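Following: one structure in structure tokens, then a few remarks.
The values are calculated or read from the model by the stated rules, or taken from the named source; none is laboratory data. None of the values given here were measured: they were computed from a predicted structure. So basically every Cβ, Gly included, is an ideal-geometry build from the backbone, and we count neighbours across all protein chains shown. Remember, those area values only see protein heavy atoms, side chains included, never the ligands or the DNA or RNA. Shrake-Rupley method; radii C 1.70, N 1.55, O 1.52, S 1.80 Å.
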Amino acid sequence: MKRVLLAAGLAAVFLSVTANSFAGDWPEWRGPNRDGTTSESVGWLSGELKTVWRMNFGDGFSAVSVVGDRAYTMTSDEESEYLVCLDVKTGDEHWRQRTDAIFKDRQGGDGPRATPAVVNGMVYTISAHGKLHAMNAESGKPAWMKDLVKDYSGRKPYWGYSGSPLVIENVVYAEAGGPNGQCFVAIDAKTGDTVWTSNSSKPGYATPALMNLAGMEQLVFFPADGAVGISLTGEPLWSYPWKTSYDVNSATPLQVNDRRLLLASGYDKGTSVVEIAKENGSYTASGVWTNKVLKSQMASPVFKDGYIYGFDGGTLKCVNADTGDDSWAVTRTFGRGTVILANDKLVILGEQGNLAVADAAPGAYNEHVHKMAIETARKGWTSPSLSNGFLFIRSLKEIACIDVR
């Protein structure tokens with residue numbers, strides 16, 4: 001692998017991080033809060049880009065999960081897909097395990113799509129062909145595997161399984177896409193035994209989310225035909241129709257208050273804020289507003305203080321969550337990029353590998369720094385991950401660690 005390593009002062013840099021007890025882990029898709037946000041602050045607001053390491057890595061769109069001094073992601077070579085554990089300090093490999101044959105996609109790009117979840121010393125991930133793996137996070141030793149296609153009659157989406165596993169209290173939740181009540185699956189995290197299956201929707205591409213809505217903790221799935229609320233024990237609670245052309249719902253549903261969530265899809269579909277209510281013991285879902293302000297084809301938006309920040313195709317926007325009106329828009333800068341929220345700052349990775357930090361504020365777009373960070377071949381579609389002041393970014397073929405303290 002070709003690697004660029006910033007050596008000067010590296011030991012001292014990571015010694016200070018280690019002393020922090022790794023309070024800023026980013027252990028799964030969308031980070032510690034599962035919503036693309038972290039309480040960490042970004043100190044890189046001016047000056048040159050500080051690249052710690054950067055290397056060619058093989059094809060894939062998996063984001064990076066970080067626990068302690070180890071980073072976990074997926075990649076591929078000409079024949080296979082792999083789950084890989086990297087050293088945070090250097091980018092060196094601790095281990096890699098084959099997860100499946102390579103998934104080929106001439107249109108979008110080859111390789112895996114899901115992001116690993118690292119929980120209680122185990123790492124869980126899904127190959128693009130639908131193999132759900134559990135492995136020891138320290139050694140990479142396989143614990144168990146479920147085949148979403150064979151075990152649950154799963155219907156593999158056209159662009160491959162892209163949703164990441166969601167792990168809550170020793171249960172792994174995933175979207176298999178099977179008919180006859182086997183679309184959503186719950187699997188014992190320790191044994192790999194099936195806990196329950198539910199729903200019969202055609203699969204989409206989004207990762208399920210955990211939300212507390214209308215006074216009840218629940219799972220929100222986003223398959224091809226719309227959002228569905230499911231109890232942690234597998235009972236259907238509510239559904240909200242939301243179908244796009246090509247059956248592509250990719251962005252993770254986003255909670256905006258204790259009763260409402262946001263759905264956003266591309267292909268000229270747009271956005272809806274949905275309110276969940278409980279009436280006579282039953283749950284209902286109704287649209288508060290629906291428009292085309294955020295046509296999020298792939299990137300999941302973030303939320304802060306009543307405003308949504310996300311991509312409308314190739315335009316970055318700030319949107320009022322109550323009204324659906326956009327407050328500001330940035331065009332011709334990022335393409336179909338991605339965004340996370342670090343305390344009060346937006347960290348934005350553009351489609352062409354440009355990295356920026358801006359204020360998360362509705363008044364106007366205020367950008368502090370903007371630099372080219374990674375080669376993407378116009379496929380910088382993977383969401384960044386932030387852990388202890390170090391930003392991990394992916395493109396289809398490269399991976400890098402950036403110091404943003």
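Just for region 360-369: of the residues that are more than 20 Å from the chain's Cα centre (by Cα) and surrounded by 16 or more Cβ atoms within 10 Å (Cβ to Cβ), which one is farthest from residue 64 (Cα to Cα)? Give the derivation first.
Residues of region 360-369 that are more than 20 Å from the chain's Cα centre (by Cα), as a first pass: 361-369.
With surrounded by 16 or more Cβ atoms within 10 Å (Cβ to Cβ) added as a condition, the list becomes 361-362, 365, 369.
Details: 361: 27, 362: 29, 365: 27, 369: 23 Å.
Among those that are more than 20 Å from the chain's Cα centre (by Cα) and surrounded by 16 or more Cβ atoms within 10 Å (Cβ to Cβ), it is 362.
So how many residues does region 362-371 have that are in contact (Cβ under 8 Å) with a residue 24 or more places away in the chain and either more than 16 Å from residue 46 (Cβ to Cβ) or not in a strand (DSSP E or B) (or both)?
Going through region 362-371 one residue at a time, the tally reaches 4.
Considering only region 231-260, state which residues are under 25 Å from residue 62 (Cβ atoms) and buried (at least 21 other Cβ atoms within 10 Å of the Cβ).
248, 249, 250, 251, 252, 253, 254
Of all residues in region 48-78 being without any contact (Cβ under 8 Å) to a residue 60 or more places away in the chain and open to solvent by 30 Å² or more (accessible area, probe 1.4 Å), which is farthest from residue 124 (Cα to Cα)?
Per the criteria, the residue is 78.
Is it the case that some residue within region 280-298 is modelled with pLDDT under 95 and touching a Lys or Arg at 6+ places or on another chain (Cβ under 9 Å)?
If we filter region 280-298 for residues that are modelled with pLDDT under 95, which is where we start, we get 280-281, 297-298.
So of that shortlist, the ones also touching a Lys or Arg at 6+ places or on another chain (Cβ under 9 Å) come out as 297-298.
Yes; the residues of region 280-298 include at least one that is modelled with pLDDT under 95 and touching a Lys or Arg at 6+ places or on another chain (Cβ under 9 Å).
Restricting attention to region 160-212, which residues are touching a helix residue (DSSP H, G or I) at 6+ places or on another chain (Cβ under 7 Å) and surrounded by fewer than 24 Cβ atoms within 10 Å (Cβ to Cβ)?
Of everything in region 160-212, those that are touching a helix residue (DSSP H, G or I) at 6+ places or on another chain (Cβ under 7 Å) and surrounded by fewer than 24 Cβ atoms within 10 Å (Cβ to Cβ) turn out to be 178, 182, 197, 202.
Quick check on my filter: what residues within region 109-135 are over 17 Å from residue 169 (Cα atoms) and either among the acidic types (Asp, Glu) or open to solvent by 10 Å² or more (accessible area, probe 1.4 Å) (or both)?
110, 113, 129, 131, 133 - these are the residues of region 109-135 that are over 17 Å from residue 169 (Cα atoms) and either among the acidic types (Asp, Glu) or open to solvent by 10 Å² or more (accessible area, probe 1.4 Å) (or both).
When only residues in region 346-359 that are buried (at least 24 other Cβ atoms within 10 Å of the Cβ) and touching a residue at least 60 places away in the same chain (Cβ under 8 Å) count, which is farthest from residue 252 (Cα to Cα)?
355
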